[in-house]
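Values in this text are rule-based calculations from the coordinates and carry no lab data. Being a predicted model, the structure only gives us computed values, none of them experimental. In this analysis, Cβ positions are derived from the backbone assuming ideal geometry, glycine residues included, and neighbour counts consider all displayed protein chains.
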């Protein structure tokens, strides 16, 4: 197996783990959406999102921070969409 093939295999393994966690996150997001509707809360909480991203990226390099912020924004956008259903 070449070095590239080994790295791709590692990416595949990481993706499998991410997808399991992503599915779990979608289910929790659905439950949060139900609770927010029940208590007449807004789906979008900009202060919470800002705090989560800030805490997640505070010890990162600028390059890592840029990609992590993008990843988290996309993840949160998906969660808001699921909560709105």
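A few notes on this one:
- For the chain, a/c is not less than 1.5, where a ≥ b ≥ c are the root eigenvalues of the C-alpha gyration tensor, and a/b does not top b/c. That puts it in the oblate class.
- Note on residue 9 and residue 52: their simple-model spin labels are 3.5 nm apart, each label 7 Å out from Cα toward Cβ.
- Computed E for residue 42/residue 65 - FRET, C-beta separation, R0 35 angstrom, nearest 0.05: 0.85
- Length gained on full extension, residue 26 to residue 2: 5.1 nm, using 0.36 nm per residue less the C-alpha separation.
- Nearest-ten-degree value, helix 62-84 long axis tilted from longest Cα axis of the chain: 40 degrees
- Using alpha-carbon coordinates, inclination of helix 3-38 to the longest axis of the chain, degrees: 0 degrees
- Between the helical axis of 46-57 and the longest alpha-carbon principal axis of the chain there is an angle of about 20 degrees.
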